[in-house]
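Q: Sharing a structure below in structure tokens format, with a few things to ask.
Quick note: the coordinates plus some simple rules give every number you see, no bench work behind them. A quick note: this is a predicted structure, and the numbers were derived from the prediction, not measured. Heads up, the Cβs are rebuilt from the backbone with ideal geometry, glycines too, and the neighbour counts pull from every protein chain shown.
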């Protein structure tokens, strides 16, 4: 069995390749089932965000065979582009999987270095897989370690201070387009975490009016009302586009929720007054042709890359500190895993010692019931127990000495904490005394 990871992200592939691989929450369980069925996996977790699609799994084959099975699953998300996708896919095994996941959860592998939302997304991916029976002891151990350590990495490195997110970068772009916010209306399409964050950042601007659109009108109301906003359904969006100066959209949809035709009609009603459109969805929520319309400033996740590079430069020192914290954490995790490898042997040793103790104790009780003197029985018990426990190691050490296997003898000295040379006063183990009759 080996832990493995296969994936694609903003760091390895452009948006047009990542987009068809995005997995909606509604499809997540089906894709986990496909992975389990097609790859014969015992454990699996899928992490799919606006910047990555990754499969963490425990596979029967080792090495390249384990990674090849994962590549087949990923290619199955978009079979027509399998050849184009192949050079952009990355894979890891064993401790490298743990290191990668920890970097992801801590925000070090994010498009916006240090962004805080990714840890919550990793937890949600784990919970989905766990609740549906796809998480076993190995993935559970790794994810629990990552959840605990990612917080420590952010705190110790300072990378979590003054958090930056994709949503905040989108608002920063809007500030470059408009400066008269008291006269502007913002339309936010969606009601998930990204839209909530966009709303929080937009709220620090003196925007005149907010409109929140969502499939669930009640959910839209919960976001809109605290800010004096107006809630609508997704079907009502075309009727309100002309009112919006700023549009932020982040919904799970296989097709664009805003088309070029929708925006053309809105521009006519607005007499071609400029519109800022921030598409934070994956797959993209806005038809790319919208970017060709005069008066429309369309930005996507790819457009945030230049701002993200600036962010990475600003956070380089904190990121270097975070990488150091991760190095230490991974070494400790590896040590704990090696310690676990000894557990079956320790358990077997204890069980054998326990059986020997019970057998010897039963024999001593029998002697007491026969009326043997307690002192003699105790002496017999001590000798018998000592000899029984030392019999097998003694035989193995003698054979090792005869065969020249010095490494076993040295290991025994370490194991039992013996001095390099035996004390001259130390007698050899006494033979087991006969049972008193």
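Q: Please state the Cα pair-distance histogram of the chain with 20 angstrom bins from zero: what percent is in each bin?
A: 20, 39, 21, 13, 7, 1
Q: Sticking with this structure for a sec: In whole angstrom, note down how far apart the Cα centers of region 103-130 and region 199-247 are.
A: Their Cα centres are 27 Å away from one another.
Q: Continuing with the same structure: Compute the relative contact order of region 166-303 as a whole-number percentage, counting only Cα pairs closer than 8 Å that sit 6 or more residues apart in sequence.
A: That works out to 22 percent.
Q: Something else: Roughly how large, in nm² to one decimal, is the mean projection of the convex hull of the alpha-carbon atoms in region 343-416?
A: Its average projected convex-hull area is 6.1 nm².
Q: Related question: At q = 0.14, 0.18, 0.29 Å⁻¹, what is the log10 ratio I(q)/I(0) for region 37-99, with the Debye formula run over Cα points and no solvent?
A: -0.40, -0.67, -1.54
Q: Continuing with this model, one more query. Please express the Cα-Cα pair-distance distribution P(r) of region 75-181 as a list of whole percents, one per 5 Å bin, running from 0 to the bin with the greatest distance.
A: Pairs per bin, as whole percents: 2, 10, 15, 16, 16, 16, 11, 7, 3, 2, 0, 0.
Q: Taking only Cα atoms, what is the 0 to 90° angle, nearest 10, from helix 25-39's long axis to the longest principal axis of the chain?
A: Here the helix axis deviates by roughly 40 degrees.
Q: To continue, here is another question. Return the single residue from 113, 146, 164 with maximal mean-square fluctuation; model: Gaussian network over the chain, springs between Cα atoms under 10 Å.
A: The residue with the greatest mean-square fluctuation here is 164.
Q: Which whole-number percentage describes the relative contact order of the chain, with Cα contacts under 8 Å and a sequence gap of 6 or more?
A: 12
Q: Under the Kirkwood approximation applied to all pairs of distinct alpha-carbon atoms, what is the hydrodynamic radius of region 1-74 in Å?
A: Value: 12.4 Å, from the Cα pair sum.
Q: Let me ask another. With everything on Cα atoms, drop me the angle between helix 305-314 and the longest principal axis of the chain, reported from 0 to 90° to the nearest 10.
A: Long axis of 305-314 versus the principal axis of the chain: about 50 degrees.
Q: Restricting to Cα pairs below 8 Å that are 6+ residues apart, what does the relative contact order work out to for region 343-416? Please round to a whole percent.
A: That works out to 24 percent.
Q: What percentage of all Cα-Cα pairs in region 172-245 are separated by more than 15 Å?
A: Value for region 172-245: 50 percent of Cα pairs lie more than 15 Å apart.
Q: Given labels modelled 7 Å from the Cα in the Cβ direction, how far is it in nm from residue 90 to residue 410?
A: Roughly 4.0 nm, to one decimal.
Q: Show me 98-105, 34-41 ranked by packing, highest mean number of other Cβ atoms within 10 Å first.
A: Top to bottom by mean Cβ count within 10 Å: 98-105, 34-41.
Q: Could you tell me how many cubic angstrom of Cα convex hull volume region 114-247 has per residue?
A: Per-residue hull volume (Cα only) is 126 Å³.
Q: May I ask for the Rg/Rh ratio of region 2-163, computed from Cα atoms with Rh as the Kirkwood radius, given to two decimals? It would help to have the intermediate numbers written out before the result.
A: On the way: Rg = 14.9 Å, Rh = 15.7 Å.
Result for region 2-163 is an Rg/Rh of 0.94.
Q: Anyone know which of 254, 79, 374 comes out most mobile in the 10 Å Cα GNM of the chain?
A: Evaluated over the chain, the most mobile residue of the options is 374.
Q: Turning to a different aspect of this structure: Taking the chain as the reference, fit the longest principal axis to its C-alpha atoms, fit the long axis of helix 166-177 to the helix C-alpha atoms, and give the angle between the two in degrees, 0 to 90, nearest 10.
A: Helix 166-177 and the main axis of the chain meet at about 20 degrees.
Q: Percent of alpha carbon pairs in region 166-303 separated by more than 22 Å?
A: 27
Q: From zero up to wherever the largest Cα-Cα distance of region 133-205 sits, split into 5 Å bins and tell me the percent of pairs in each.
A: Percent of Cα pairs in each bin: 3, 12, 16, 14, 13, 13, 11, 8, 5, 3, 1, 0.
Q: Looking only at 370, 209, 219, which one moves most when the chain is put into a Gaussian network model with springs between Cα atoms under 10 Å?
A: Of the options given, 370 has the highest mean-square fluctuation.
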